[in-house]
Every structure is written in structure tokens, then in C-alpha cells.
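Sharing a structure here in C-alpha cells format.
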Amino acid sequence: MIYFLRTFVLIGLLLCVISCSSDSEARPSGDPETWESFAFPESDCQWNDLAPSAIPKLEAYPVIVGNKLYTFSGFTNGLAVIPETEIYDLISGQWSLGASMPLPVTHMGVARVNDDIWIVGGFAGDHPGTATSRVQIYSPGNDQWREGPELPVARASGSLVLVNGKLHHFGGLLPDRRTDINEHWVLDLNNINAGWKADDPLPIARNHLGGVALNGNIYAVGGQFGHDGGNEDVAFVHVYRTDTGNWDRLADMPLALSHFEAGIFVFENRIYVVGGISPNGARDTIFVYDPQSDTWSEFCGIPQRLLAPGARMYGNQLLVLNGGVNGAGSPISTFRYINLMNK
């Protein structure tokens, strides 16, 4: 049976009456009228296995360039950092290794710039790691790394988004691994020598948030307050409008959520969020945001509750790989996909 997008209905205490996960949670805040359904591609929600990655990991970032998927960094067993670049050939279905990251980091910002991959900041080394300001650029064409213009300060757990020829780095943590920041740094790729410049700060400081570009704007999604010594997941969503240079508040996520930074992406003018962690633990959900109507809904679901999986679209296939089963202690190598069918 074709699976249609589940809808959320506000009744009384804002209960989520239909959910792909095993538990239901109340929506924390936002306009009740945003709990509506919208048309979206269909799927039978049958997950298929692909060849697993060689290294089990979580918080690794996938980037697709051409017909290859590159995964960068992450934690493996014992929260050891992964320097290796794993490469999956989307045509042959085979994995290989690329050049290792010069300074292995986690909690970094990642963005594709043309055919290069920029890695900005992060915590260097095994957990807990030390914050860095370094910018590392990987070129798939020659399998080599080079240095980019450093951030003005050492930062980690922020988001990196490319829009209109500029890189935006926002949110994250101070080097103390506890203090949230609302800083917003911008690098004009047409004037790299000018370096990173401060821009309008994120309205609510937080870390482990997702970031994407859509229709010329930047979306800052979810995240958490704090890190070491206690944290709190949040549901906030903001949009940075590049035409005005200002941030606006949008409808909150269906629940407070973080640790999905590698699993947020845009497909057909909507934002997907795959997996992550909420106050009730790791999630098996896929949330979808429609910016035109400022609404959230839920789509399919993944076979396991995963903290920090990677997720991307390739053609009509939704790819989900790696992550931590029920948390950070159990990284996996699993790689799966479902097919989406346009209505």
C-alpha cells in the first residue's frame, strides 16, 4: 500500500496523534495552524540494504559529488575520531578510501563548494577534543587536501551553509564545550582575502543545529543548549533572509531535536530531517518542512533509532547511513535506501 504523508492534528494539549515512531510527543510550541498536511512524493517505505561502510561511525558527514558519496570524520567505537575519507561509488556499489583529513575533527561545519568540500572548525582528535579555527578543503578530483582561510576564533558544533557565493558559519560552542554562541560569520568566496566577517547573529544561541540553504535563504533548524555537563534539545527554527540580512522565527519542529546535522538536506523545495536525538532518546523519524506553508509533517521512518546518521538524496533514492543505535555508544556501518515516487 502506498504510504501517504502522516499529518499532525492539534487537539487539546497539542498531542501528535499519528507518528511513525513508537512513542508520541507533544509539539513544544508554535502556531497550531502550522500542523497541516501537504502534498509530497510517495513511497512504499520499504528499506533496502546497500554495502555497509568499512568503518562503523556516527556524526560522519556525507557529501555527494557526481556519482560518488564521500563521508568525512565522525566517531567510531570508544568515541575515537576517524581521519579516513570513505568513498562510495553510487554506480558500482563499492567502497574505497580517500586521503585522510590532515587534522581529524568532529563537530565541524561542512559544505560543498562547486566540486570541493569545505570543513570548518570542529573539535580536533578523539573525544572530547580541542576546538579549532582551521578550515580544511578536500578536492575529490585529485584526492588532496589544502588549507582555507581560518575562522577568526576557534569554534565547534556550528553549522556551515553556502548561499549566493558566500559561506555562512553560525551557532556552535566555545572551546569550553559548554557555552552556546550565536555568532554568524560570513566568507565571500569572491573576496576570500577579506576573510570571515561578522554578520547578524543567530537569534537564539545553540549548538548541534542543522543548517541548509533553500531558495536563497538559510535555515537554522533545531539543536541543543549546552553540551558537556548537561544539555537540552530544542525545537527552534529560524530563517536568515539574504535580501534583508535578518533572521526570522518560523514554526518549531514537531519536537525538540538535535544531532541530525549530517542528516538534514533539501529535496524538491522541502527540508528533510532524518534521525537525531530528542529528550526521549534517539529517533527513527523523518520530519519534512514546507517553507511555503511553514508546516512540518512526518514521512516514513527509519528502521532503527539513530543518533547522528548521515542522509542524502541521490536521484529518487533517499540514502541513510551510519549513526549511533540508541545513542553514541553503538556506531554502525549500515547503509540503506528507500525509493521516492513522484505523484
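No lab work stands behind these numbers, since they all come straight from the coordinates. In this text, all values refer to a predicted model and were calculated from it rather than measured experimentally. Cβ coordinates were reconstructed from backbone atoms using ideal geometry, including for glycine residues, and neighbour counts include every protein chain displayed.
What fraction, in whole percent, of alpha-carbon pairs in the range 47-180 exceed 27 Å separation?
18 percent
Right, another one. Please work out how much length the chain gains when fully extended from E147 to D44, using 0.36 nm per residue of separation minus the C-alpha to C-alpha distance, in nm with one decimal.
Value of the extension gain: 32.7 nm.
Assuming R0 = 30 Å, can you tell me the calculated FRET efficiency for the pair L90 and R249, based on Cβ-Cβ distance, to the nearest 0.05?
0.20
Spin-label point model (7 Å from Cα, Cβ direction): what's the K197 to M341 distance in nm?
5.1 nm
Could I ask something else about it? By how many nm would the segment from S139 to E268 grow when fully extended, if each residue of separation counts as 0.36 nm and the alpha-carbon distance is taken off?
43.7 nm
Compute the distance in nm between two label points, each set 7 Å from the Cα along the Cα-to-Cβ direction, one at N215 and one at A80.
With each label placed 7 Å out from Cα toward Cβ, I get 4.7 nm.
Obtain the radius of gyration and the Kirkwood radius of the range 144-222 from its C-alpha atoms and give Rg over Rh.
Values: Rg = 12.5 Å, Rh = 13.0 Å.
Result for the range 144-222 is an Rg/Rh of 0.96.
Ok, one more. If the viscosity is 0.692 mPa s and the temperature 37 °C, what translational diffusion coefficient in µm²/s does Stokes-Einstein give for the range 223-283 when Rh comes from Kirkwood over Cα pairs?
After rounding, the answer is 254 µm²/s.
Now for a different question. How long are the three semi-axes of the equivalent ellipsoid of the range 301-343, in whole Å, if each is the root of 5 times an eigenvalue of the C-alpha gyration tensor, listed from largest down? Write down the numbers at each step before the final one.
Working: eigenvalues 103, 17, 10 Å².
Calculated on Cα positions only, the semi-axes equal 23, 9, 7 Å.
Then there's this: Taking a quarter of the surface of the Cα convex hull of the range 164-264, what do you get in nm²?
So the mean shadow area of the Cα hull is 6.8 nm².
Tell me the Kirkwood hydrodynamic radius of the chain in angstroms, computed as one over the mean inverse distance between distinct C-alpha pairs.
19.9 Å
To the nearest 20 debye, what charge dipole does the chain have about its Cα centre, counting +1 at the Cβ of each Lys and Arg and -1 at the Cβ of each Asp and Glu?
So the dipole magnitude of the chain works out to roughly 320 debye.
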